[in-house]
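Read through the structure below, which is laid out as structure tokens, and then see the notes.
The values are calculated or read from the model by the stated rules, or taken from the named source; none is laboratory data. Computed from a predicted model, the values in this text were never measured in an experiment. Here the Cβ is made from the backbone with ideal geometry for all residues, glycine too, and neighbour counts use every protein chain on show.
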Amino acid sequence: MATEQIKSAAQPKPQQGFVYLPLIVGWLVPGAGHFLLRKWGRGALLAASILGMFVLGLAMQGKLYSSAHEILEFLALAGDLGSGLLYIVSRALGLGADSVQVTTADWGTRFIVVAGLLNVIAAVDAHNLRTGRKA
Amino acid sequence: MSLHPSHFTAVLLFALFASVVFGITQRETPHRMFRYGLYCFAMFVGSAIVLSWLMYFIAR
């Protein structure tokens, strides 16, 4: 009886504390939400994939959206914002092309947008781990 | 740094990164994550090849 009580007290309670922290941290820094939950392997793979996709997009002279004038541009901007600090720092450093000049730049633009969308999926996964919805 | 990969290389890179994230986030155990990631990679690359051939024949 006493052993069971000690065991249940030692196990982390899924709903304890601020449950949205892994979601927010994971959105700001790719993989950090999983690192926060001590899922080192998953976090490292997610970080490498998302960061790799984002950097390759920039290397392909992909465009970083800063404003939106039509619905498709708005969706692309929303995707870019999914990268969190990667997007903010890249914008601050003036990285990314202002307009698409070559074919590879078009692919690079998609890489950057999809990296942001994948980061949102990873952040939501970290939140699900935190709430206990996923093991 | 400027990178100009071929279209197929870009497809492979895209499929690799997206499959890793899909595998980890959509399944619970490492074994199932690996299998689902492999499945996603095959579907990404396979569908790109099939659609490319379809467009090739449509254009003729």
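Is it the case, given these coordinates, that B:L54 is without any contact (Cβ under 8 Å) to a residue 12 or more places away in the chain and surrounded by fewer than 11 Cβ atoms within 10 Å (Cβ to Cβ)?
Working: without any contact (Cβ under 8 Å) to a residue 12 or more places away in the chain: yes; surrounded by fewer than 11 Cβ atoms within 10 Å (Cβ to Cβ): yes.
Yes; evaluated as a whole, the condition is true for this residue.
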What is the one condition in (1) modelled with pLDDT of 95 or more; (2) touching a helix residue (DSSP H, G or I) at 6+ places or on another chain (Cβ under 6 Å); (3) within 30 Å of A:T131 (Cα to Cα) that A:L56 does not satisfy? (3)
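The rows are residues; the columns are (1) over 22 Å from B:H31 (Cα atoms); (2) assigned to a loop (DSSP other than H, G, I, E, B); (3) touching a Phe, Trp or Tyr at 6+ places or on another chain (Cβ under 9 Å).
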position	(1), (2), (3)
A:L23	yes, no, no
A:G43	no, no, yes
A:L51	yes, no, no
A:L58	yes, no, yes
A:Q61	yes, yes, no
A:S66	yes, yes, no
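Could you please let me know if A:R133 is within 11 Å of chain B (Cβ to nearest Cβ) and either over 10 Å from the mean Cα position of the chain (by Cα) or of a type in the set (S, T, Y) (or both)?
On the way: within 11 Å of chain B (Cβ to nearest Cβ): yes; either over 10 Å from the mean Cα position of the chain (by Cα) or of a type in the set (S, T, Y) (or both): yes.
It is true that A:R133 is within 11 Å of chain B (Cβ to nearest Cβ) and either over 10 Å from the mean Cα position of the chain (by Cα) or of a type in the set (S, T, Y) (or both).
Limited to segment A:111-123, what total is found for residues that are more than 8 Å from chain B (Cβ to nearest Cβ) and surrounded by fewer than 21 Cβ atoms within 10 Å (Cβ to Cβ)?
Looking only at segment A:111-123, we keep the residues that are more than 8 Å from chain B (Cβ to nearest Cβ), and these are A:112-113, A:116-117, A:119-120, A:123.
Keeping just the survivors that are surrounded by fewer than 21 Cβ atoms within 10 Å (Cβ to Cβ) gives A:117, A:120.
Total satisfying the criteria: 2.
Might you check whether a residue that is of a type in the set (D, E), outside any helix (DSSP H, G or I), in contact (Cβ under 8 Å) with a residue 12 or more places away in the chain and surrounded by fewer than 23 Cβ atoms within 10 Å (Cβ to Cβ) occurs anywhere in segment A:98-109?
Initial filter on segment A:98-109 (of a type in the set (D, E)): A:98, A:106.
Next cut, outside any helix (DSSP H, G or I) only: A:98.
From the residues that got through so far, the ones that are in contact (Cβ under 8 Å) with a residue 12 or more places away in the chain too are A:98.
When the remaining residues are screened for being surrounded by fewer than 23 Cβ atoms within 10 Å (Cβ to Cβ), the result is A:98.
The answer is yes; a qualifying residue exists.
Taking A:W40, is it farther than 19 Å from B:P5 by Cα, aromatic (F, W, Y), without any contact (Cβ under 8 Å) to a residue 24 or more places away in the chain and more than 9 Å from every other protein chain (Cβ to nearest Cβ)? Full working, then the answer.
Values: farther than 19 Å from B:P5 by Cα: yes; aromatic (F, W, Y): yes; without any contact (Cβ under 8 Å) to a residue 24 or more places away in the chain: yes; more than 9 Å from every other protein chain (Cβ to nearest Cβ): yes.
Yes: the conditions hold for A:W40.
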